[in-house]
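The values are calculated or read from the model by the stated rules, or taken from the named source; none is laboratory data. Predicted model only: the values in this text are computed from it and were never measured. Positions of Cβ are backbone-derived with ideal geometry, glycine not excepted, and every protein chain shown enters the neighbour counts.
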Amino acid sequence: MNNKPDYILFDKDTQAIIFNYQQNAIQRMLDFDHACARKTPSVASIVNPTGKAGFHKAYFGQKEILIPIYPTLKEASDNHPHADVVINFASFRSSYATSKEALENKNIRTVAIIAEGVPEARARELAEIAKLKKKWIIGPATVGGVVAGAFKIGNTAGTIDNIIESKLYKQGTVGFVSKSGGMSNEMYNIIARNTDGLYEGHAIGGDRYPGSTLIEHLLRMNKNPDIKMLVCLGEVGGEDEYQIIDAMKNGGITKPIVCWVTGTCASMFSSGVQFGHAGARADSNRETAKAKNEALKNAGAIVPNSFDDFGEKINDTWKKLNIKEKVVPAPKVTLDYNEAKALGMVRKSSNFICTISDDRGEEVTYNKMPLSKVINEGLGIGGVISLLWFKRQLPDYCHRFIEIILQVCADHGPAVSGAHNTAVTARAGKDLISSIVSGMLTIGPRFGGALDGAASDFSHALDSNMTPLEFVNSMKKKGDNIQGIGHRIKSVQNPDIRVTIIKEFARKHFPSCKLLDYALEVEKITTSKRNNLILNVDGCIGICFVDMMRSCGSFTLEEAKEYVDMGALNALFVLARTIGFTGHYLDQKRLKQPLYRHPWDDIAFL
Amino acid sequence: MAQKGIREFDAKRMLARFLPEYTSSVKYDGKIALVTPTTDFNQLAKDYPWLNSGKLVVKPDQLFGKRGKNNLLLIGADFQGAQKWINERMNKEVTIKQTTGTTTGVLTHFMIEPMVEHKDEYYVAIKSSRAGDTIYFSLQGGINVEENWDKVKELTVPVLESIDSQNLNHLVPSDLGSQKEAVIDFIKGLFKIYQKLNFSYLEINPFTVVQNNVVPLDTVAKLDDTGAFESSKDWGAIDFPPSFGMKTRPEEQVIKELDEKSGSSLKLTIINPEGRIWLMVAGGGASVIYADTVVDLGQMKELANYGEYSGNPTTDETQVYAETILEMMTRTKHPQGKALLIGGGIANFTDVAKTFTGINNVLRKYQAKLRDHNIKIYVRRGGPNYLEGLEKIKKLGEELNISIEVYGPETHMTKIVPLAVKALGLN
């Protein structure tokens, strides 16, 4: 402990140990420090009883600093013996033991107890230990206190803009104490607006046995020559305010004191209504707010008629002191990006844009449609794909068409390259993702890629007004196969049932099948050359999908083209086949298939 | 979170359980039965065979005293008579006179004990204060102890000191003769139980000594309910009954249940549903001050409710809270309208913009009624995101054409109270 006078609890050099890892409170303290132009941060170290030793990174102004974390108070205090305050954020269960340990530590002079619900008997013991050891407790059940321009406890005084607004970054001349922590910000505001500001203020907490009492703080503040007047907000219940009156009579309080005891309305409540704090209950007429306000007034305290003119009375009293307010310009505040953004003070171009879904609200939305609506309206997988891929809801038959495509393309047996790769990878002992991805990586121009190719080749031909024959000839001239034409086994006589399903659906539901008609004309020419040069399933899907987009009324022609260019059709195949690949992966695992090794006799060694 | 009264039945049950452990000679058997509206007397007689073997004492057990003076004490009846007496009173409304005034409430809980023939009535109480726990003892116990308060001796055991290191000789006078040791033993045990079980008040008036055995006849007790995590096992299955005559309105019940489920604090007490000034105030401290100010300005009869919401309630919780108030407020019309004060100090954590979203939803829902009932709304609030919150509600008022005046920390917290009082033509 350094040698400051007894009446000073905290000054610009005071450092605290924070018990429990309260990151927001720590940052709020450091922001206050910076606003006060403190040279050192007010947080010396952190005790995290459930964690390991380490460091916490925090801002001190714009600079980042590391604050040591210890698992025990003893280590924290041994390493930071100059820190004489413990701010105890322990829960009501462990608050007693940890506060007691802090009080028994020789380096610690003040313990702030934040927890609500500390048993009265324990709080009373702590208060007695503090008294015997000539130490201070602030709390329990409080937000804490503040010495303007020097040090604040935890979350006291709220946000940094409130701290500036209430002039707490600079030293004023008013000493304030209350029970209520919730009213402390408001009182600092009232004092700032009516005087040169706070010197120090404390909320002792609303419990029956606070660790330090109103009178103890007022007597201490009365001794401090830098404090010129006192303000006290008491409340109904208890006898504390009578101690103030005694002190005014016996010379303990000599400075002007403005007091108001809240709870004048309590007489209206039937007995049994616990309103406000645990301690706020008049057990006798003497303990009512009215009696205490009157007694304070009679003893010479300045007492307003109601809370409404509390500010005016504070102002009148301060003016009589003839104090010249020290002007300290408000510090520049370094705001956290998020805070500044909430205040509308900064903007930053985002690195990502998302227009398809949003999970920030109560419910995720797909293209602005809440998930519950998607489900309740039975949009199905086709509808979800429409919302997330095309950012629109399509007519119901389109949703069903997408689902038919997914079903048709879901699998095509174990021999195709993707399924084979998936099985081989699964048998090599790899996981689901690796196995599926290895299958997926084979999808391209030769496997599965014909959907895109057919859609773009045929639409290009149709859009440039080529006749089917001109199209066939132009492809022949280039030496390219026509994507989507030809099948290994199927032929005109042995049609592919999948193609039949797709064609029939399109004919039945689509307003127009222009590209399909065109493709069938092409097929007539190619099958006349060879029997198996039929429109195959990939080609049929690609072409019918183009017809769907162009005729359903939900896409412009440009949009329909763009989606083909972007690979939306290929995506349908990838999505569908993932179902099959997953099946092959599970199948291999289920069958406990061993590592696959290709037999030598199947490889031509040349 | 405070000191709460418990039933005499529960207090005696605890004494019966712990007195043998904490005294060397007290053999209080704790014969006591509780009767509630659902009690089956046949089953009760099976559970407590002593009910049919002697004279009984019956009285209500609902946190009020002076039962004898209020004609609510039955002495010397048999079990049949006890049942008849209880049945005549169960679920009936009675008005009782106490030193604090009269209270009307419904009788729902009775206790039955064996009658103890006795001559002496002693008084013992333990009360907590900041300095320690004080024991009060008098040989003149019973209903007239207050008149004989000068006979009461007291001893304060300071915090951190043990009862075992105290000299009880001056507390318990030698007049007791052979009973003295038993009484000291009893008081010491009582004190230890008091501390171990987180009692905050315990009064046994009277107790008597029968064949050197102590019998508590009438008991009043309060527990510190914040001690639950230390003592709930020792307390056993207890409830904290509401004080006698306290009626909970359905709307208050809704908020009470909301509060119990929430990490935030939501409280509502209806004072006068016909009142024209309604409060919706954030924060425990501020809510008292707003209610005070209404009263201090002489408008006690217009104050409709007291309550608070705090601790960063969710939008939904705020919405339920606001709707409960607006629904009650718009039940009856007043020709000169009513005022709703959405008040609060400068919040520490609560996101003001977020809480106002909930309030705004309800204002939107009730817009027609708000106009129809000529309800004027006054807002005063500060804290995180208050500018955004205030702006939103201000715009909403303009959009919906309802009267909303909006103030921030630049305006004194309770300024909206006189503004509302004036607008309602009340001063």
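With the checklist (1) within 18 Å of residue B:279 (Cα to Cα); (2) modelled with pLDDT under 95; (3) surrounded by fewer than 20 Cβ atoms within 10 Å (Cβ to Cβ); (4) of a type in the set (S, T, N, Q) in hand, flag the one item residue B:355 doesn't pass.
(3)
Which condition number does residue B:348 fail, the rest of (1) out of contact with any strand residue (DSSP E or B) (no Cβ under 7 Å at 6 or more places or on another chain); (2) in a helix (DSSP H, G or I); (3) under 21 Å from residue A:233 (Cα atoms) being met?
(2) is the only condition that residue B:348 fails.
Out of B:108, B:104, B:99, report the one residue that is at pLDDT below 95, closer than 25 Å to residue B:239 by Cβ and of a type outside the set (A, V, I, L, M, F, W, C).
B:104
Condition first: out of contact with any strand residue (DSSP E or B) (no Cβ under 9 Å at 6 or more places or on another chain) and either of a type in the set (Ser, Thr, Tyr) or not assigned by TED's automatic domain parsing to the domain that holds residue A:36 (or both). Now tell me which residues in region A:116-155 satisfy that.
Hits for region A:116-155: nothing passes.
Within region B:362-390, work out how many residues are in a helix (DSSP H, G or I), within 25 Å of residue A:344 (Cβ to Cβ) and aliphatic (A, V, I, L, M).
3
Only one of (1) in contact (Cβ under 8 Å) with a residue 60 or more places away in the chain; (2) assigned to a helix (DSSP H, G or I) fails for residue A:338. Which number is that?
In the conditions (1) in contact (Cβ under 8 Å) with a residue 60 or more places away in the chain; (2) assigned to a helix (DSSP H, G or I), residue A:338 misses (1) alone.
I need the full set of residues from region A:375-403 which are of a type in the set (A, V, I, L, M) and surrounded by 18 or more Cβ atoms within 10 Å (Cβ to Cβ), in order please.
Pass one, region A:375-403, residues of a type in the set (A, V, I, L, M): A:375, A:379, A:381, A:384-385, A:387-388, A:394, A:402.
Of everything in region A:375-403, those that are of a type in the set (A, V, I, L, M) and surrounded by 18 or more Cβ atoms within 10 Å (Cβ to Cβ) turn out to be A:379, A:384, A:385, A:387, A:394, A:402.
Read through the list (1) away from chain A (no Cβ under 13 Å); (2) in a loop (DSSP other than H, G, I, E, B); (3) over 17 Å from the mean Cα position of the chain (by Cα), then give the number of the only condition that residue B:215 fails.
(2)
Report, ordered by the first and then the second residue, all pairs with beta carbons closer than 7 Å, sequence separation of six or more or different chains, a first member in region A:129-142 that is within 11 Å of chain B (Cβ to nearest Cβ), and a second member that is of a type in the set (S, T, N, Q).
If the second residue must be of a type in the set (S, T, N, Q), the pairs left are A:140/A:95.
I'd like the full set of residues that are among the β-branched types (Val, Ile, Thr) and touching an Asp or Glu at 6+ places or on another chain (Cβ under 8 Å), limited to region B:103-128.
B:104, B:106, B:124, B:126
Got at least one residue in region A:522-529 being in a loop (DSSP other than H, G, I, E, B) and surrounded by fewer than 15 Cβ atoms within 10 Å (Cβ to Cβ)?
No, because not a single residue in region A:522-529 is in a loop (DSSP other than H, G, I, E, B) and surrounded by fewer than 15 Cβ atoms within 10 Å (Cβ to Cβ).
Can you tell me which residues in region B:279-297 are assigned to a helix (DSSP H, G or I) and more than 8 Å from every other protein chain (Cβ to nearest Cβ)? So that I can check it myself, show each step before the final result.
First, pick out the residues of region B:279-297 that are assigned to a helix (DSSP H, G or I): B:284-296.
Result: B:290, single match.
Can you tell me which residues in region A:209-239 are within 14 Å of chain B (Cβ to nearest Cβ) and surrounded by 23 or more Cβ atoms within 10 Å (Cβ to Cβ)?
Restricting attention to region A:209-239, the residues satisfying the condition of being within 14 Å of chain B (Cβ to nearest Cβ) are A:209-216, A:232-239.
Of everything in region A:209-239, those that are within 14 Å of chain B (Cβ to nearest Cβ) and surrounded by 23 or more Cβ atoms within 10 Å (Cβ to Cβ) turn out to be A:209, A:210, A:211, A:212, A:214, A:232, A:233, A:234, A:235, A:236, A:237, A:238.
Is there a residue in region B:321-339 that is in a helix (DSSP H, G or I) and facing chain A (nearest Cβ under 9 Å)? Show your work before the answer.
Restricting attention to region B:321-339, the residues satisfying the condition of being in a helix (DSSP H, G or I) are B:321-329.
Right, trim to facing chain A (nearest Cβ under 9 Å) and you get none.
Checking region B:321-339: not a single residue is in a helix (DSSP H, G or I) and facing chain A (nearest Cβ under 9 Å).
Quick one: which helices (runs of 4 or more DSSP H) lie wholly within region A:75-166 and hold at least 2 residues that are surrounded by 22 or more Cβ atoms within 10 Å (Cβ to Cβ) and of a type in the set (Ser, Thr, Tyr)? Steps first, answer last, please.
Details: elements: A:95-104, A:120-132, A:160-165.
Here the list reads A:95-104.
So which of A:516, A:586 ends up being assigned to a helix (DSSP H, G or I) and free of Cβ contacts under 8 Å to residues at least 12 places away in the same chain?
Result of the check over A:516, A:586: A:586.
Among the residues in region B:115-127, are any small (Gly, Ala, Ser) and modelled with pLDDT of 95 or more? It would help to see each step written out before you state the result.
Kept after step one, since they are small (Gly, Ala, Ser), are these residues of region B:115-127: B:125.
Then drop every residue that is not modelled with pLDDT of 95 or more, which leaves B:125.
Yes - at least one qualifying residue is present in region B:115-127.
Test residue B:95 against the criterion of being out of contact with any Gly (no Cβ under 8 Å at 6 or more places or on another chain), among the β-branched types (Val, Ile, Thr) and within 20 Å of residue B:57 (Cβ to Cβ), and give yes or no.
no
Can you find a residue that is in contact with a helix residue (DSSP H, G or I) (Cβ under 7 Å, 6 or more places away or on another chain) and among the small types (Gly, Ala, Ser) anywhere in region A:471-479?
Checked region A:471-479: no residue is in contact with a helix residue (DSSP H, G or I) (Cβ under 7 Å, 6 or more places away or on another chain) and among the small types (Gly, Ala, Ser).
Checking residue B:169 against (1) modelled with pLDDT of 95 or more; (2) away from every other protein chain (no Cβ under 14 Å), which test does it fail?
Of (1) modelled with pLDDT of 95 or more; (2) away from every other protein chain (no Cβ under 14 Å), only one is false for residue B:169: (1).
In this structure, does residue A:91 turn out to be within 12 Å of chain B (Cβ to nearest Cβ), within 15 Å of residue A:18 (Cα to Cα), of a type in the set (Gly, Ala, Ser) and without any contact (Cβ under 8 Å) to a residue 60 or more places away in the chain?
Considered against the rule, which asks whether it is within 12 Å of chain B (Cβ to nearest Cβ), within 15 Å of residue A:18 (Cα to Cα), of a type in the set (Gly, Ala, Ser) and without any contact (Cβ under 8 Å) to a residue 60 or more places away in the chain, residue A:91 comes out as yes.
Given the criterion more than 30 Å from residue A:160 (Cβ to Cβ), surrounded by 12 or more Cβ atoms within 10 Å (Cβ to Cβ), at pLDDT 90 or above and assigned by TED's automatic domain parsing to the domain that holds residue A:238, identify the matching residue among A:289, A:280. Working first, answer last.
Values: A:280 fails: at pLDDT 90 or above.
The conditions single out A:289.
Any idea which of (1) among the hydroxyl-bearing types (Ser, Thr, Tyr); (2) modelled with pLDDT under 95; (3) touching an Asp or Glu at 6+ places or on another chain (Cβ under 8 Å) is the one residue B:386 doesn't satisfy?
(3)
Could you say whether any residue in region A:288-297 is within 14 Å of chain B (Cβ to nearest Cβ), under 22 Å from residue A:187 (Cβ atoms), hydrophobic (A, V, I, L, M, F, W, C) and assigned to a helix (DSSP H, G or I)?
Within region A:288-297, one or more residues are within 14 Å of chain B (Cβ to nearest Cβ), under 22 Å from residue A:187 (Cβ atoms), hydrophobic (A, V, I, L, M, F, W, C) and assigned to a helix (DSSP H, G or I).
Run residue A:160 past the list (1) within 13 Å of chain B (Cβ to nearest Cβ); (2) closer than 24 Å to residue A:127 by Cα; (3) touching an Asp or Glu at 6+ places or on another chain (Cβ under 8 Å) and report the number of the one that doesn't hold.
Unmet for residue A:160, out of (1) within 13 Å of chain B (Cβ to nearest Cβ); (2) closer than 24 Å to residue A:127 by Cα; (3) touching an Asp or Glu at 6+ places or on another chain (Cβ under 8 Å): (2).
Within region A:430-439, is even one residue touching a Cys at 6+ places or on another chain (Cβ under 9 Å), not aliphatic (A, V, I, L, M) and not in a loop (DSSP other than H, G, I, E, B)? Can you show your working first?
Taking region A:430-439 first, the residues touching a Cys at 6+ places or on another chain (Cβ under 9 Å) are none.
Within region A:430-439, none of the residues are touching a Cys at 6+ places or on another chain (Cβ under 9 Å), not aliphatic (A, V, I, L, M) and not in a loop (DSSP other than H, G, I, E, B).
To keep it simple, each residue is scored yes or no on (1) surrounded by fewer than 21 Cβ atoms within 10 Å (Cβ to Cβ); (2) away from chain A (no Cβ under 14 Å); (3) more than 19 Å from residue B:309 (Cβ to Cβ).
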| site | (1), (2), (3) |
| --- | --- |
| B:343 | no, no, no |
| B:365 | yes, yes, no |
| B:394 | yes, yes, yes |
| B:399 | yes, yes, yes |
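How do the pairs read when you match residues in region A:466-482 that are hydroxyl-bearing (Ser, Thr, Tyr) with residues anywhere that are assigned to a helix (DSSP H, G or I) and surrounded by 14 or more Cβ atoms within 10 Å (Cβ to Cβ), using Cβ under 8 Å and keeping only pairs 6 or more apart or on different chains?
Going by the 8 Å Cβ cut-off, the qualifying pairs are A:474/A:461.
In region B:245-271, which residue that is more than 22 Å from residue B:319 (Cα to Cα) and surrounded by fewer than 19 Cβ atoms within 10 Å (Cβ to Cβ) is farthest from the other protein chains (Cβ to nearest Cβ)?
B:247
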